[in-house]
2 protein chains.
Amino acid sequence: MRAEILAVGSELLTPLRSDTNSLHLTERLRAVGVEVAMRVTVGDDVALLEAAFRGALERADVVISTGGLGPTEDDLTREAAAAALGRELLRDPGILERLEARFARYGRVMTPNNAKQADLIAGGRELENPRGTAPGQLVETEGRMLVLLPGPPREMEPLFEGEVLPRIRERAGGTLLHTRVMRIASMGESAVDDALAPIYRRYVAVSTTILSQPGQVELHLTARGGSRDEAEAAIEPLAEELRRRLPGSFYSEDGRELPEVVAELLVARGETLALAESCTGGLLAERLTALPGASRFLEQGWVTYSNRSKTELLGVPPELIESRGAVSEEVAREMARGARRRSGASRAIAITGIAGPDGGTEAKPVGLVYVALAGDGSETVQERRFLGGRRPVRFQSTQTALEMLRRQVLGLES
Amino acid sequence: MRAEILAVGSELLTPLRSDTNSLHLTERLRAVGVEVAMRVTVGDDVALLEAAFRGALERADVVISTGGLGPTEDDLTREAAAAALGRELLRDPGILERLEARFARYGRVMTPNNAKQADLIAGGRELENPRGTAPGQLVETEGRMLVLLPGPPREMEPLFEGEVLPRIRERAGGTLLHTRVMRIASMGESAVDDALAPIYRRYVAVSTTILSQPGQVELHLTARGGSRDEAEAAIEPLAEELRRRLPGSFYSEDGRELPEVVAELLVARGETLALAESCTGGLLAERLTALPGASRFLEQGWVTYSNRSKTELLGVPPELIESRGAVSEEVAREMARGARRRSGASRAIAITGIAGPDGGTEAKPVGLVYVALAGDGSETVQERRFLGGRRPVRFQSTQTALEMLRRQVLGLES
């Protein structure tokens, strides 16, 4: 089964508003095995809207529109959909009565323009909208389904969930698509794909997609099944082979991001952490404290941007900064040692590097970052050369630090 | 002139990827007075794609597609666009040669599938893409313009800006829409609108929109003109009245966000800054160091999550934390004093609060935040009660801190 979504409203074609309804519908339809083949955003223009409905009805089994059902003259979805189907609009006395009662309840007189919200496409049925004045509509025609939903998400979502999705799911045969997301922070996209493609290509019942951003690669494994458990059972043998191929590399298979995984690991092991950040300027602390509960493991953090603060706050010898430079393996190591010693935490991370865009030299280019990790009797420093602008360099630095920490705590190789 | 945008790629129809290209193009087209009438997202299906191109070419003066120009078998934009126009694809020897040279430069052999990136729609011209292998294409037909652009934003945006927009602008008759964005961090949306709506409603040649997020209100003033200067001249009298109504409140009128404005102010005045963050956990440091050049004013930052670290690192008396609580005006003040004293910076900010979701009590609910600012002979503490979840509470805390700092440095009332 294929669906198309029409998001209606001129405001959605400006940079000021974004169409979140379509994303929500796409996700919910996908969960019952219905693929969205096309998504259209169209302004408040009745001819364009009619063309959009006509095209969608030619191609898709289910056509869902959101928006344009209100009382103003810009609300043209009913008219356009009726015209595309070649059907009339009929004013429904029951809906009209409820509209009037609703206005009376709020002590207001209903203005005449509101009456058009009671117009139903001939042969269609009302989808009652308890949260707003504009009801939705559902028309079944030659094996196709046309659904008109109101635009505000708080009205649209319950209507769709309660009145529309069960019908679509029944028609779609009751199967659903489920996706497991497996994440890696320690390898680049092509290295991951080289290692894993020969494996996942053999699993034809599971569709595998690789998505990457600097510092992170995600595998999306999708399978169809009668239930989530059935889909998971289809995915697991592939996931197991992938894990065997890259042991320890998948830091999460359940949607958690790296800071959350590391935070839970530290809490579970009773470990505490201190941070000394130079080029990341607090980003690592921010990522770890964006989730609640960081106080259970985070002792303290320093943002030591200046050389003076590296010396005064962390005890890095000034002559070491002088001889090796603030961006060096030795200074990173001393920063981590100082942070651990002064905080009393069981582990400490230090990051120093050149985030750019300025400050690079031939010997120490923009993107050069040292991440040091001091633990109980163990110290590691990694030198990395990240590509991209200031933001990706900083983000990748924090990913590297968190992954080093995860591996050190778990006793994995770095 | 009307434009339609086609975003091509099955991944854009999943919840995994969002189509940022269309938003960018909509904004840039709007700037030259071209309205986007419809926006379509379509998967890698040649029949659907062809239907989408055909419909768009019937309705719009300018049709722009992004994506689907790569070398894989999922990349079908060229084929679909050619079919919709009823034209052939012709392999261009010049492009082919450059493709091969590009591969050779990176020491790789070009696989045969790459050759189709050299296929041009008959009568079209290449838009050379210096940042990727897939060139764009431009076809002019019966007064209409069809543009195929690559999907990666870093390839798409310069191609569009350099090769496409000047042509569209010329056709559109040279007028443009220009928007000035005026930002306020110290007031809520309804207070801003109550104060300013009576003014901006009188200016009919300028369209004014208010957008808000927690901690920030933006006014978008848009006018049409033959040039940016002409549009600015139409906007300025309104802007001047708005400034007179809320003196000192607009922290920026040129797109800069608050951290950038504050950073430039500190550098211009030769001021230095130290930060002591509890509930914001490094977010303020992160926001100030996300821009280059923070080393010119940022002395150092502390993330003092635990009570112990507030005492050890900032010298907050433990008995004060005991008697008043870590989230209190007195502790915020001592944190700021300690940060200023220990850093030697000319100003210091301290933030302590309850970001939630847990940790609130009746007397000290989630969202209660104290922001303290210690300067040269002046101290200010603000108590705020922010709404929303952990993220908006943290963000609003940093906005409040930055706005307090801006006002203190400028000598404005808090």
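In the range B:42-55, which residues are surrounded by fewer than 24 Cβ atoms within 10 Å (Cβ to Cβ) and either touching a strand residue (DSSP E or B) at 6+ places or on another chain (Cβ under 7 Å) or more than 10 Å from chain A (Cβ to nearest Cβ) (or both)?
If the condition is that a residue be surrounded by fewer than 24 Cβ atoms within 10 Å (Cβ to Cβ) and either touching a strand residue (DSSP E or B) at 6+ places or on another chain (Cβ under 7 Å) or more than 10 Å from chain A (Cβ to nearest Cβ) (or both), then B:G43, B:D44, B:D45, B:V46, B:L48, B:E50 are the ones that fit.
Show me the helices (runs of 4 or more DSSP H) found entirely inside the range B:304-412 where at least 1 residues are more than 14 Å from every other protein chain (Cβ to nearest Cβ).
B:318-324, B:329-343, B:390-410
If a residue must be more than 34 Å from the chain's Cα centre (by Cα) and buried (at least 17 other Cβ atoms within 10 Å of the Cβ), how many such residues does the range B:74-86 contain?
Total satisfying the criteria: 5.
Consider A:Q117 carefully, then state whether it is more than 21 Å from A:A3 (Cβ to Cβ) and out of contact with any Ser or Thr (no Cβ under 9 Å at 6 or more places or on another chain).
no
Could you check the range B:282-323 and list, in sequence order, the residues that are among the hydroxyl-bearing types (S, T, Y) and touching a strand residue (DSSP E or B) at 6+ places or on another chain (Cβ under 7 Å)?
B:T289, B:T304, B:Y305, B:S306, B:S309
Looking for whichever is within 22 Å of the chain's Cα centre (by Cα) and of a type in the set (D, E) here; the options are B:E257, B:E241. Which one fits?
B:E257
Of the conditions (1) within 30 Å of A:P357 (Cα to Cα); (2) at pLDDT 95 or above, B:R333 fails just one. Which one is it?
(1)
Is the range B:88-97 home to any residue that is within 26 Å of B:A31 (Cα to Cα) and in contact with an Asp or Glu (Cβ under 6 Å, 6 or more places away or on another chain)?
no
Which of the residues belonging to the range B:168-214 are closer than 24 Å to B:L405 by Cα, crowded, with 16+ Cβ neighbours inside 10 Å and not hydrophobic (A, V, I, L, M, F, W, C)?
B:R183, B:S186, B:E189, B:S212, B:P214
Out of all the residues in the range B:9-29, which are under 14 Å from the mean Cα position of the chain (by Cα), more than 15 Å from B:V164 (Cα to Cα) and facing chain A (nearest Cβ under 9 Å)?
Result: B:L23, single match.
Only one residue in A:L273, A:L284 is buried (at least 24 other Cβ atoms within 10 Å of the Cβ), within 23 Å of A:G411 (Cβ to Cβ) and over 25 Å from the mean Cα position of the chain (by Cα), so which one is that?
Selected residue: A:L273, the only one of A:L273, A:L284 that is buried (at least 24 other Cβ atoms within 10 Å of the Cβ), within 23 Å of A:G411 (Cβ to Cβ) and over 25 Å from the mean Cα position of the chain (by Cα).
When you scan the range B:173-232, how many residues do you find that are of a type in the set (A, V, I, L, M, F, W, C), modelled with pLDDT of 90 or more and under 22 Å from B:V32 (Cα atoms)?
9
Please go through (1) at the interface with chain A (Cβ under 7 Å from one of its Cβ atoms); (2) free of Cβ contacts under 8 Å to residues at least 24 places away in the same chain for B:R39 and return the number of the only condition it doesn't satisfy.
Exception for B:R39: condition (2).
Go through the range A:317-343 residue by residue and tally those that are more than 15 Å from A:V371 (Cα to Cα) and not charged (D, E, K, R).
Residues flagged as more than 15 Å from A:V371 (Cα to Cα) and not charged (D, E, K, R) within the range A:317-343 amount to 6.
Looking only at residues in the range A:341-358 that are surrounded by fewer than 24 Cβ atoms within 10 Å (Cβ to Cβ) and small (G, A, S), which one is farthest from A:T380 (Cα to Cα)?
A:G356
Are there any pairs, at least 6 apart or on different chains, whose C-beta atoms fall under 8 Å, with the first in the range B:166-182 and more than 11 Å from B:I235 (Cα to Cα) and the second of a type in the set (S, T, N, Q) and outside any strand (DSSP E or B), and if so, which?
B:L176/B:S227
Identify, from the list A:L288, A:L273, A:L266, the residue that is within 14 Å of chain B (Cβ to nearest Cβ) and more than 30 Å from B:G293 (Cα to Cα).
When all the criteria are applied, what remains is A:L266.
So which residues in the range B:57-72 are more than 10 Å from chain A (Cβ to nearest Cβ) and touching a strand residue (DSSP E or B) at 6+ places or on another chain (Cβ under 8 Å), if there are any at all?
Result: B:L57, B:D61, B:V62, B:V63, B:I64, B:S65, B:T66, B:G67, B:G68, B:L69.
Give B:L373, B:L368 a once-over and let me know the one that is free of Cβ contacts under 8 Å to residues at least 40 places away in the same chain, touching an Asp or Glu at 6+ places or on another chain (Cβ under 8 Å) and either in the same structural domain as B:V217 (by TED's automatic domain parsing) or closer than 27 Å to B:F250 by Cα (or both).
B:L373
This table checks each residue for (1) under 34 Å from the mean Cα position of the chain (by Cα); (2) under 25 Å from B:L12 (Cβ atoms).
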| residue | (1), (2) |
| --- | --- |
| B:A60 | yes, yes |
| B:I64 | yes, yes |
| B:G67 | yes, yes |
| B:T72 | yes, yes |
| B:R102 | yes, no |
| B:G107 | no, no |
| B:N114 | no, yes |
| B:I121 | no, yes |
| B:R131 | yes, yes |
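If you take the residues of the range A:291-300 that are of a type in the set (A, V, I, L, M, F, W, C) and facing chain B (nearest Cβ under 7 Å), which of them is nearest to B:S306 (Cα to Cα)?
A:L298
The values are calculated or read from the model by the stated rules, or taken from the named source; none is laboratory data. What you see is a predicted model, and the numbers here were worked out from it, not measured in a lab. Every residue, glycine as well, gets a Cβ built from its backbone with ideal geometry; the counts of neighbours run over all protein chains shown.
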